[in-house]
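A.B. asks: Quick one: this structure, given as structure tokens, is what I'll be asking you about.
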Amino acid sequence: PAGEFTPALAGRLVRSLLLGGRPEDAIAVALQALASLPRFTDLVFTQALANLALARPDTAEALFERCIEMGDAPAAYAPTAGCGSYLPAVHLAELLSARGELARACELLERCLAEHPGFPGAVAPYVAASLASGAEPGAVVASLERLVPAPGGSVRLALAAALARAGHAQAAEQ
């Protein structure tokens, strides 16, 4: 049976195994822990990351989708914010972009930005996917401003950095 600290310890152990270069062990321990903690999205998210580390993008994609379906874990699990929403959405969008599914990636990132406007981690992948799909820098900026009506400094900085990285210095300066 799961005790009060079991979710936090399980999550830390699984993340430590992944960060320690043991992705197979991270997956195995996460599967064991999910038997007792079936709603702990953080474990599924870490499994997805472990599958990325093992060059298994299809499995990772399915797990990121599962995270989004599950949503964030219950508060009693002391979950990491975003493991059931914006974090897997960004990873999933990056997998879609790498496969050339830019329209799906942009759609997912637009939803992510609209639902989580304070999360700057979705900005660079959105800019990259939008530009790769043929959008002009000005249109990308306008679209982002519609999605995030009052962008904070971190969102603006992420936008400028992404535009500069893509070779659009003038748009980045503005």
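A.B. asks: With r defined as the distance between the Cβ atoms of Glu173 and Ser36 and R0 fixed at 45 Å, what FRET efficiency is calculated, to the nearest 0.05?
C.D. replies: Efficiency computed from Cβ-Cβ geometry: 0.30.
A.B. asks: What percent do you get for the relative contact order of segment 7-56 when only Cα pairs under 8 Å and 6+ apart count?
C.D. replies: Relative CO of segment 7-56 lands at 39 percent.
A.B. asks: Let me ask something additional. For Ala150 paired with Arg66, estimate the spin-label separation in nm (one decimal), with each label point 7 Å from Cα along the Cα-to-Cβ line.
C.D. replies: Calculated label separation equals 3.9 nm.
A.B. asks: Roughly how many nanometres apart are two label points built 7 Å out from the Cα toward the Cβ at Ala142 and Arg165?
C.D. replies: 2.5
A.B. asks: Can you tell me the order of 50-56, 120-126 when each peptide is scored by its average per-residue count of other Cβ atoms within 10 angstrom, highest first?
C.D. replies: 120-126, 50-56
A.B. asks: Could you please state how large a percent of the accessible area of segment 27-174 is carbon and sulfur, counting protein chains only and using a 1.4 Å probe?
C.D. replies: Summing carbon and sulfur atoms, their accessible area is 56 percent of the total for segment 27-174.
A.B. asks: Return one whole number: the accessible area per residue of the chain in Å², for a 1.4 Å probe.
C.D. replies: About 51 Å² of surface per residue is accessible.
A.B. asks: Taking the Cα centre of the chain as origin and charging only Cβ (+1 Lys, Arg; -1 Asp, Glu), how large is the dipole, in debye to the nearest 20?
C.D. replies: 240
A.B. asks: Relative to the present Cα-Cα distance, how much length would full extension add between Leu54 and Ser16 at 0.36 nm per residue of separation?
C.D. replies: Extra length from Leu54 to Ser16 when fully extended: 12.1 nm.
A.B. asks: Stretched out fully, how many nm does the piece from Glu101 to Ala81 gain, at 0.36 nm a residue minus the Cα gap?
C.D. replies: Separation in residues times 0.36 nm, less the Cα-Cα distance, equals 4.5 nm.
A.B. asks: List the residues, sorted by chain then number, that are 5 or more residues from Asp72 or on another chain and whose placed amide H is less than 5 Å from its amide H.
C.D. replies: Under 5 Å from the amide H of Asp72 lie the amide H atoms of Gly84, each far enough along the sequence or on another chain.
The values are calculated or read from the model by the stated rules, or taken from the named source; none is laboratory data. Owing to the predicted nature of the structure, the values given are computational and were not obtained by experimental measurement. Cβ atoms come from the backbone with ideal geometry, glycine included; neighbour counts cover every protein chain shown. Surface areas here come from the heavy atoms of the whole protein model, side chains and all, with no ligands, DNA or RNA. Shrake-Rupley method; radii C 1.70, N 1.55, O 1.52, S 1.80 Å.
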